[in-house]
Amino acid sequence: SLSDDKVWTTVYHDLQMQTSVGGNSPEKLSVLQLNYSATMDQISAITSSAEYCEQFISYSCKMSRLLNTPEGNPYTWWVGKANEKHYYWGGSGPGIQKCACGIERNCTDPKYYCNCDADYKQWRKDTGMLSYKEHLPVSQVVVGDIDRPGSEAKISVGPVRCQGDRNYWNAASFVTSSSYLHFSTFQGETSADISFYFKTSASDGVFLENLGNTDFIKLELKSATEVSFSFDVGNGPVEIVVRSPNQLNDDQWHRVNAERNVKQASLQVDQLPLEVRKAPTEGHTRLELYSQLYVGAAGGQRGFLGCIRSLRMNGVTLDLEERAKVTPGVKPGCSGHCTSYGMYCANGGKCVEKYNGYSCDCSKTAYDGPFCIKDVGAFFEEGMWLRYNFHSPGTSMKDLVSRTLLSSTDPETTAPDLNLSKEELSFSFSTTKSPCVLLYVSSYTQDFMAVLVKPSGNLQIRYSLGGTKEPYNIDVDHRNMANGQPHTVNITRNGRDIVLQLDHYPPTSYSLPATSDIQFNSPKALFLGKVIEIGKIDQDIYKYNTPGFTGCLSRVQFNQIAPLKAALRPTNASSHVHIQGELVESNCGASPLTIPPMSAATDPWHLDSASADFPYNGQAIGDGVNRNSAIIGGVIAVVIFTILCTLVFLIRYMFRHKGTYHTNEAKGAESAESADAAIMNNDPNFTETIDESKKEWLI
């Protein structure tokens with residue numbers, strides 16, 4: 001499988017960090033030269049094939065101006081690729097003569113666009129990333145304003161760092177078994193290193209071949225489960241075959257890596273074991289080729305059908321896309337169903353290519369159904385609880401961490417110190433009983449996180465990460481959440497910053513106190529409905545814990561973990577779950593779906609089959625319902641409506657004569673759920689919009 005974690009390529013230079021310049025030096029200019037550990041051509045190759053590059057640059061100053069903003073000529077500049085001078089600084093971009101603080105409008109003195117340009121006697125600094133990769137790397141920094149008494153400056157320049165490979169998706173689709181692309185002869189006399197990805201639904205075909213007089217090198221898909229690497233350097237043909245336990249023609253990407261040198265040859269497919277063949281001690285070692293390199297069908301053989309991408313031969317990526325544009329039978333790029341329909345896999349579901357379509361893999365989500373939009377939820381009876389252990393007895397800590405608890409977008413955290421600096425939690429619930437504990441995450445330390453409904457029916461999020469006497473509480477006081485309605489909760493924490501979103505209200509930001517630790521140390525288990533944990537437990541949580549939560553919880557997800565789904569659907573995570581009581585699957589806690597209507601072709605609930613899966617547990621009404629009963633129902637409804645109208649008219653008439661007394665209190669305040677709702681009920685603008693929509697419907 002392909003890893004999403006990006007690899008950084010870093011090139012270092014010899015300039016010390018915080019290199020001092022100035023201090024009453026007589027020179028008008030100080031030129032700092034940077035010498036890199038690679039040649040400029042090599043760095044250029046790295047930056048041009050990367051998706052993104054950056055280089056940190058910092059100017060610390062004491063009475064030494066930098067870019068002389070807002071209007072003057074810069075005192076300091078840097079020289080980049082092709083010996084061009086640049087007058088912008090880290091955090092800014094080409095043609096913008098500003099520092100990062102000027103872009104973000106937070107310079108020490110707002111009259112200037114750099115902190116240093118204010119010319120203070122105290123140390124100040126301007127720092128940031130240069131990320132316009134066409135200008136990198138920095139080869140020289142020329143510092144100007146250092147010739148006055150008391151002027152001093154320090155310069156730091158980081159290494160060039162690049163990530164991503166623009167050639168990663170350089171692909172071609174081979175449409176017929178006689179299609180091929182040709183390139184110049186492969187120069188691999190003493191060593192060959194060939195790697196690529198392929199995707200096919202065909203069971204065999206040649207990937208590539210290059211011939212000599214008798215020498216040759218060739219890679220092919222021999223059968224639906226076999227990849228072969230064969231060559232002859234003059235000692236007779238050698239073939240290495242990797243056999244896969246699974247079909248390789250499943251229309252998914254598979255990686256092939258073939259290497260040959262004077263000592264040995266090897267072939268690897270995906271993560272399968274490497275097949276190695278030692279070279280004979282005597283005999284020929286040079287691979288002498290002269291024909292063109294053929295990718296696809298060569299010499300009348302049946303060629304590969306499908307997609308090949310990211311083809312690298314001895315470190316050089318072949319531009320399949322450009323060549324395919326001018327070659328019949330080969331299309332540039334790789335058209336798959338996921339490129340067209342992948343967006344229908346919702347809520348983090350992954351699109352999986354199928355031979356004649358696609359499906360959504362919902363395993364990493366808290367949802368289910370063909371498009372990962374069906375909430376997986378359950379009804380909790382009083383006293384019932386669920387515990388999800390973050391590591392089951394059989395897995396090592398390291399294994400677990402790398403797989404689940406750390407959000408997949410955060411590869412930096414290493415396993416042994418299982419501490420979270422960020423969490424993402426989302427779920428929906430409905431209940432009429434308060435107080436209760438909805439969710440609680442315990443740890444092997446004193447740290448915990450909890451989502452509670454207080455006796456008043458208001459929601460509270462509670463964080464205790466150490467460093468504070470009392471836990472940090474976020475109270476949502478103006479809304480009763482124990483009103484039997486489904487409510488959605490999304491909580492994201494990144495370091496000190498917490499963002500909470502409830503239902504359709506705008507997200508609100510909070511910040512942990514300055515003294516609070518920002519690491520959630522050694523998380524242990526996640527509880528739903530009730531906390532059953534050994535050791536000391538927070539007083540309020542202890543109080544709210546009895547009798548326990550009654551109601552519905554749905555689509556619970558904590559980072560990459562979906563505890564309710566693990567309990568209700570047999571997955572490899574089910575061993576982590578312990579349940580007390582009987583868990584009944586139900587979507588009573590699901591929020592109503594607000595998804596734009598889909599076309600029948602992509603709609604999973606389009607009822608053209610008897611086994612249609614309903615998004616709600618409602619009963620479908622068949623066509624066989626008696627039409628008469630529908631007519632009778634209609635007549636009764638009209639009669640009741642007429643009677644009600646008459647009653648309303650009579651009551652109003654009587655009250656008018658009694659001289660009733662009116663208040664200016666918000667009408668509908670009594671029935672409204674909250675202050676917000678009461679205002680909405682009373683606000684003339686809101687009523688206007690409601691009336692407008694009514695008019696539209698009546699037309």
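Total residues in the range 245-289 satisfying the condition of being open to solvent by less than 20 Å² (accessible area, probe 1.4 Å) and either without any contact (Cβ under 8 Å) to a residue 12 or more places away in the chain or of a type in the set (Gly, Ala, Ser) (or both): the figure is 3. Ile541 meets each of the listed conditions (1) at pLDDT below 90; (2) open to solvent by 10 Å² or more (accessible area, probe 1.4 Å) apart from (2). Looking only at residues in the range 516-538 that are of a type in the set (A, V, I, L, M) and open to solvent by 50 Å² or more (accessible area, probe 1.4 Å), the one that is farthest from Leu564 (Cα to Cα) is Ile518.
Taking every residue in the range 523-550 that is in contact (Cβ under 8 Å) with a residue 12 or more places away in the chain and at negative phi and pairing it with any residue that is part of a loop (DSSP other than H, G, I, E, B) and open to solvent by 50 Å² or more (accessible area, probe 1.4 Å), at least 6 positions away or on another chain, the pairs with Cβ-Cβ distances below 7 Å are Lys524/Tyr444; Pro547/Glu382; Thr550/Glu381; Thr550/Glu382; Thr550/Lys433.
Go through the residues of the range 59-82 one by one and say whether even a single one is among the polar types (S, T, N, Q), closer than 16 Å to Cys107 by Cα and touching a strand residue (DSSP E or B) at 6+ places or on another chain (Cβ under 8 Å).
Step one: of the range 59-82, the residues among the polar types (S, T, N, Q) are 60, 64, 68-69, 73, 76.
Now drop any that are not closer than 16 Å to Cys107 by Cα, which leaves 60, 64, 68-69.
From what is left, the residues that are touching a strand residue (DSSP E or B) at 6+ places or on another chain (Cβ under 8 Å) are 60, 64.
Yes: the range 59-82 contains one or more residues that are among the polar types (S, T, N, Q), closer than 16 Å to Cys107 by Cα and touching a strand residue (DSSP E or B) at 6+ places or on another chain (Cβ under 8 Å).
In this structure, does Lys98 turn out to be surrounded by fewer than 20 Cβ atoms within 10 Å (Cβ to Cβ), basic (Lys, Arg) and free of Cβ contacts under 8 Å to residues at least 60 places away in the same chain? So Lys98 does not fit the description; no. Close contacts from the range 456-468, counting a first residue that is assigned by the TED database to the domain that holds Ile498 and part of a strand (DSSP E or B) and a second that is open to solvent by less than 10 Å² (accessible area, probe 1.4 Å) and of a type in the set (Lys, Arg), with Cβ to Cβ under 9 Å and a gap of 6+ residues or different chains, come to Tyr463/Arg493. Only one entry in Cys53, Cys61 is more than 15 Å from Gln140 (Cβ to Cβ), touching a Leu at 6+ places or on another chain (Cβ under 7 Å), buried (at least 16 other Cβ atoms within 10 Å of the Cβ) and touching a residue at least 60 places away in the same chain (Cβ under 8 Å), namely Cys53.
A count restricted to the range 469-508 and to residues that are acidic (Asp, Glu) and assigned to a strand (DSSP E or B) stands at 2.
For the range 576-602, enumerate the residues that are open to solvent by 80 Å² or more (accessible area, probe 1.4 Å) and at pLDDT 80 or above.
To start, the set of residues in the range 576-602 that are open to solvent by 80 Å² or more (accessible area, probe 1.4 Å) comprises 580, 582, 585, 592, 594, 596-597, 601.
Passing the criteria: Gln580, Glu582, Glu585.
Every residue, every condition in (1) open to solvent by 70 Å² or more (accessible area, probe 1.4 Å); (2) modelled with pLDDT of 85 or more; (3) assigned to a strand (DSSP E or B), yes or no:
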site	(1), (2), (3)
Arg323	yes, yes, no
Lys331	yes, yes, yes
Cys338	no, no, no
Gly342	no, no, no
Cys351	no, no, yes
Phe379	yes, yes, yes
Leu386	no, yes, yes
Thr404	no, no, no
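Picking from residues in the range 173-199 that are under 27 Å from the mean Cα position of the chain (by Cα) and surrounded by 21 or more Cβ atoms within 10 Å (Cβ to Cβ), the one that is nearest to Leu305 (Cα to Cα) is Phe198. Please count how many residues of the range 473-490 are β-branched (Val, Ile, Thr) and under 8 Å from Leu459 (Cβ atoms). Counting residues in the range 473-490 that are β-branched (Val, Ile, Thr) and under 8 Å from Leu459 (Cβ atoms) gives 2.
Of the strands (runs of 3 or more DSSP E) entirely within the range 106-224, those holding at least 3 residues that are farther than 30 Å from Ser58 by Cβ and in the same structural domain as Gln268 (by the TED database) occupy 171-174, 180-183, 192-199, 205-211, 216-223.
The values are calculated or read from the model by the stated rules, or taken from the named source; none is laboratory data. Everything quoted here is computed from the prediction, not taken from an experiment. As a convention, Cβ positions derive from the backbone with ideal geometry for all residues, glycine included, and neighbour counts pool all protein chains shown. Surface areas here come from the heavy atoms of the whole protein model, side chains and all, with no ligands, DNA or RNA. Shrake-Rupley method; radii C 1.70, N 1.55, O 1.52, S 1.80 Å.
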